[in-house]
Structure formats: structure tokens, C-alpha cells
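Report on the structure given below.
The values are calculated or read from the model by the stated rules, or taken from the named source; none is laboratory data. Just so it is clear, the model here is predicted, and its values are computed rather than measured. Cβ sites come from the backbone with ideal geometry, for glycine too, and all protein chains shown count toward neighbours. Each accessible area value is taken on the protein alone, full model and side chains, heavy atoms only, with ligands, DNA and RNA left out. Shrake-Rupley method; radii C 1.70, N 1.55, O 1.52, S 1.80 Å.
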Amino acid sequence: MTQTNPKPDWKTRMKDGIADNDNPWLMLVAIVIFAILIALALKLIQVNLAPYIKVMGMPDFKPSNIPIVGWGYDVLTLLYVATGAVILWFLINLAQVVWILIALDRRAHRTAVRESKKEAALQGNQYESDGQVRKLKKRATRVPFFFIAASGWIALVAFVAEFLINLKAYPPIRSWNAFIAGLTIGDLSPIDMNQVMQILWGCFSTELVIIALIVVGQWIWSHKNAD
């Protein structure tokens, strides 16, 4: 009679996984973190739309505070009552993160490298005595990478635009006369730090959450597709 080895229980499998640096709970932890980040990102839509609504002269939005599904109801309400602010916020934030999406697009990078090499091959290896021609040939090999360089400038312009919108919505200086006078004696009390924090949060929170989502999402993908 052949004796089969009993199947190890979950405690044994857990110990073996930890010993092999392959803890099965890590995937669950990553998924939970990812879900929390998505919920936070949806909440940020409501918070970060506030300065756009204020600058565009729209009525203040008050959250419904409905349990569980409240965030979804609030987002739909915002889309209805503040369409212009939502569109402007979406376009500016999309411009801010496009460089991240491009940086992660390996297929686009491979195509750019291939096209650049193809252009260099067409030019040949013959020496060109004319400096202007050499400069133009060198520039031609860089054209396939233009979208990468341009995405950084687009993001910078978008950050400046969002900073100005938040600056308009949350003025950080209570009194310019008091601020200028305070500079001579090192008194920074005229600066409203709460407003400064609002500006910083409005300018950078969305991008930080998106980067965190990408990091955790890549973690999940890499863990799932590991050998």
C-alpha cells in the first residue's frame, strides 16, 4: 500500500513561504493598499476641485456624507453642477502626469530608439564638413524622442497653472503691508500657513497618489507574474 504524504496545513505553507521570501499574504496586503489608494484618489477629486470651483465662481460643494457609496454620488454631483471646473482640473492634472505615463511606456521607448537608429543608418558614417549640416543630422536622430522631452515641459506648465489657481483660491498672505514690514524684522506671522498647506496639497497630492498607485500596481503585477 502506497503511503502519500499529507498535504501541509496553512500554517506550514505560511512558514515555508516566509522562509523562501514568498509570503502569500504580501499579495493580499498589496491589493488592500491599492484599494485604499483608489478610495483616497476618488476623495481627492472632491478636495482638489475646491479651488477650481472657487476661482470659477461656482457655488461651494458640500459632500453628501452618505455611507459607503457617498463618494460616488458626490463625484456624479460634481460632474453635473461643476462641469467646467471638473474639465479644467482633469486637463491640468492629466498634463501633470503625462510624463509619468510616457516614462512607463516601454513600447514607445523601443519605437523611439528604433526610429533614431534607423535615421542614423540612413545618414551613414561619412564625415560632414559643414557644421550646420552635422548639427541638423544630429538633431534628426533626436526627433523620435521629442515627445519624452516635451512631456516634461507640458507638466511644468501645468504645475504652474495649478499653482496659480490654488494661489488665487487660497491667498497665503493675510496683509501685504504687514508682510513687507515683517520681512525687515524677520516676522513671518502675516503668512497663513494653513493656506500654504492647502496650496501645496492641491498642487502635489494628486500626483503623489497616482505615483503610489503605479508603484503598488507594479508590485502586484510583478508578484503575480513571478516565476
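Working carefully through the options ASP9, ASP60, find the one that is within 20 Å of ASN166 (Cβ to Cβ), open to solvent by 30 Å² or more (accessible area, probe 1.4 Å) and at pLDDT below 75.
Details: ASP9 fails: within 20 Å of ASN166 (Cβ to Cβ).
Of the residues listed, the single one that is within 20 Å of ASN166 (Cβ to Cβ), open to solvent by 30 Å² or more (accessible area, probe 1.4 Å) and at pLDDT below 75 is ASP60.
Condition (residue is at pLDDT below 75, touching a helix residue (DSSP H, G or I) at 6+ places or on another chain (Cβ under 6 Å) and either among the hydroxyl-bearing types (Ser, Thr, Tyr) or open to solvent by less than 60 Å² (accessible area, probe 1.4 Å) (or both)) applied to the range 186-206: is it met by at least one residue?
Looking only at the range 186-206, we keep the residues that are at pLDDT below 75, and these are 186-190.
After this cut, where a residue has to be touching a helix residue (DSSP H, G or I) at 6+ places or on another chain (Cβ under 6 Å) as well, the list is 190.
From what's left, either among the hydroxyl-bearing types (Ser, Thr, Tyr) or open to solvent by less than 60 Å² (accessible area, probe 1.4 Å) (or both): 190.
Yes, some residue in the range 186-206 is at pLDDT below 75, touching a helix residue (DSSP H, G or I) at 6+ places or on another chain (Cβ under 6 Å) and either among the hydroxyl-bearing types (Ser, Thr, Tyr) or open to solvent by less than 60 Å² (accessible area, probe 1.4 Å) (or both).
Please go through the range 132-180 and give me each residue that is farther than 30 Å from ARG110 by Cα, open to solvent by 60 Å² or more (accessible area, probe 1.4 Å) and either over 21 Å from the mean Cα position of the chain (by Cα) or modelled with pLDDT under 85 (or both), ordered by number.
Across the range 132-180, the qualifying residues are LYS168, PRO171, ARG174, TRP176, ASN177, ILE180.
Which count do you get for residues in the range 81-119 that are β-branched (Val, Ile, Thr) and modelled with pLDDT of 90 or more? So that I can check it myself, show each step before the final result.
Step one: filter the range 81-119 for residues β-branched (Val, Ile, Thr), giving 81, 83, 86-87, 92, 97-98, 100, 102, 111, 113.
This time we only want the ones that are modelled with pLDDT of 90 or more, so: 92, 97-98, 100, 102, 111, 113.
Residues flagged as β-branched (Val, Ile, Thr) and modelled with pLDDT of 90 or more within the range 81-119 amount to 7.
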